[in-house]
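Before any comments, here is the structure.
We did not get these values from a lab; they are worked out from the coordinates using the rules stated. No experiment lies behind these values; they were computed from the predicted model shown. FYI the Cβ positions are ideal-geometry reconstructions off the backbone, even for glycines, and counts take in every protein chain you see.
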Amino acid sequence: MKKYAIIVAGGSGQRMQSAVPKQFLLLQGKPVLYHTLAAFYKADASTEIILVLPVDQFAYWETLIIGLPPIPHRLVAGGNSRFQSSQQAIQTLSEDGMVAIHDGVRPLIEPALITTSFLEASEKGNAVLAVASKDSVRFYSADKKRFEHLNRDSIRLIQTPQIFSVKDLKEAFMQEYSDDFTDDARVVEALGIQINLVEGSYENIKITTPEDLLLAEVLMK
């Protein structure tokens, strides 16, 4: 089975209070994004890794990885939105197989979890990582104009990677963009395809704020 990994990294440093985009910040002396690529390479070195970046960041990325152990990957220019960035990478896929789409700023994804997720996707058609909510959850009811309680046992927090077949992704991303497309799984689900949730990891954090970077340092130690 051919495996692809599309790593999407188009974030800025705004919420990190940094002039450097968060995917390029150093984590244990290496760029956050390098750790992410390394996890997929360790899981299966035959996986074709596709890194999606704004085209004006290509040269900077190449300078950041000078001197680091090489991880084979190719660059694809991102679009103006997450949807467009995923779409442009998917259009470059030349063979059938399974595709993991992953946030570039989730560097703590375990290689073993990547492996089991690919297996789950090959058996059930897709695999989307998720974890149960540890906190109480409320939603805003527009009718009642107040926040209503939700049973947290029925809530799952969605993570990446999200793994689908090349066929389903190519068909899904031919759809017109919708504001309802909050992640890649929602795009595929819009075709009427059932999404298969698999157990993720609470350590698979998304680095968005300075506190997240500190937590990632602790977890990696």
**Fill in**
A correct fewest-to-most ranking of 149, 73, 102 by other Cβ atoms within 10 Å would be 149, 73, 102
**Asked** Taking the Cβ of residue 172 as the center, what net charge do the other residues with Cβ under 14 Å away carry, scoring Lys and Arg +1 and Asp and Glu -1?
**Response** -3
**Item:** Residue order, fewest to most beta carbons within 10 Å, for 147, 164
**Value:** 147, 164
**Prompt:** How much net charge surrounds residue 218 when only other residues with a Cβ under 15 Å from its Cβ are counted (Lys, Arg +1; Asp, Glu -1)?
**Reply:** -3
**Message:** Taking the alpha-carbon distance from residue 3 and a cut-off under 18 Å, which lysines remain once sequence neighbours fewer than 8 residues away in the same chain are dropped?
**Reply:** 42, 124, 167, 170
**the chain: calculated mean residue ellipticity at 222 nm from DSSP helix runs of at least 4, using -39500 (n - 2.57)** = -8500 deg cm²/dmol
**Request:** With a cut-off of at most 15 other beta carbons within 10 Å, and DSSP calling the residue loop, which trypsin sites (Lys or Arg not before Pro) in the range 1-102 qualify? Please list them.
**Result:** 2, 15
